[in-house]
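These notes concern the structure reproduced below.
The values are calculated or read from the model by the stated rules, or taken from the named source; none is laboratory data. Remember, predicted model here, so these are calculated numbers, not experimental data. So basically every Cβ, Gly included, is an ideal-geometry build from the backbone, and we count neighbours across all protein chains shown.
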Amino acid sequence: MDRTIIQRHDAYAVQAQRCEVMWRDGSSVILHPVQAAAGAEAPRLRAMRGGDGGWFVFDVTRLAPSLADDLRELPPRDHQGAVFYTLRTQFRTAAEFAQRAADQFVACWHPTPDQVAA
């Protein structure tokens with residue numbers, strides 16, 4: 001697992017590892033794991049880029065409550081798969097998911113020019 005941090009904001013650190021969630025209509029979103037304060041793993045948190053380049057951090061269990069038990073009981077290696085398959089069943093399209101995730105964010109920001117990788 002790539003734990004390289006690609007973006008930081010307040011208590012959140014977005015990891016480079018990514019998971020592309022694909023829907024039947026061909027739409028998709030890319031989600032990144034997030035570390036919380038002091039580098040603690042936060043299996044409930046994911047980050048995604050908005051269309052305007054901003055970052056949204058959200059709690060997947062607020063969008064799909066059934067994930068709370070899965071993320072607590074499954075080993076960490078299975079978390080990405082549980083998130084992938086659950087979100088695909090909860091939402092019809094990537095756009096529907098992205099809108100709900102953006103509405104439920106716990107943090108959002110736009111990187112400053114010095115934070116954007118060259």
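Some notes on this structure:
A quick yes/no check of all residues on (1) under 25 Å from ARG8 (Cα atoms); (2) modelled with pLDDT of 95 or more; (3) out of contact with any strand residue (DSSP E or B) (no Cβ under 9 Å at 6 or more places or on another chain):
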{"residue": "ASP52", "(1), (2), (3)": "yes, no, yes"}
{"residue": "VAL60", "(1), (2), (3)": "yes, yes, no"}
{"residue": "PRO65", "(1), (2), (3)": "no, yes, yes"}
{"residue": "PRO76", "(1), (2), (3)": "yes, no, no"}
{"residue": "GLN80", "(1), (2), (3)": "yes, no, no"}
{"residue": "GLN99", "(1), (2), (3)": "yes, no, yes"}
{"residue": "PRO113", "(1), (2), (3)": "yes, no, yes"}
{"residue": "ALA118", "(1), (2), (3)": "yes, no, yes"}
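- Single residue of the range 37-55 satisfying the filter (hydrophobic (A, V, I, L, M, F, W, C) and within 8 Å of the chain's Cα centre (by Cα)) that is nearest to GLU73 (Cα to Cα): LEU45
- Counted as qualifying within the range 5-84 are the strands (runs of 3 or more DSSP E) with 2 or more residues that are crowded, with 19+ Cβ neighbours inside 10 Å and either in contact with a helix residue (DSSP H, G or I) (Cβ under 6 Å, 6 or more places away or on another chain) or among the aromatic types (Phe, Trp, Tyr) (or both), namely 41-49, 55-59.
- Close Cβ contacts (under 7 Å, 6 or more residues apart or on different chains) running from residues in the range 90-106 that are within 12 Å of MET22 (Cα to Cα) to residues that are part of a loop (DSSP other than H, G, I, E, B) and not hydrophobic (A, V, I, L, M, F, W, C) comprise THR93/ASP25; THR93/SER27; ALA94/SER27; ALA95/SER27.
Conditions tested, residue by residue: (1) touching a residue at least 40 places away in the same chain (Cβ under 8 Å); (2) among the aliphatic types (A, V, I, L, M); (3) over 16 Å from VAL106 (Cβ atoms).
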residue	(1), (2), (3)
ILE5	no, yes, yes
ASP10	yes, no, no
ILE30	no, yes, yes
PRO43	no, no, no
ASP59	yes, no, no
ARG62	yes, no, no
SER66	no, no, yes
LEU71	no, yes, no
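- Here LEU87 meets the list (1) touching a residue at least 24 places away in the same chain (Cβ under 8 Å); (2) of a type in the set (A, V, I, L, M, F, W, C); (3) part of a strand (DSSP E or B); (4) buried (at least 20 other Cβ atoms within 10 Å of the Cβ) almost entirely, failing just condition (3).
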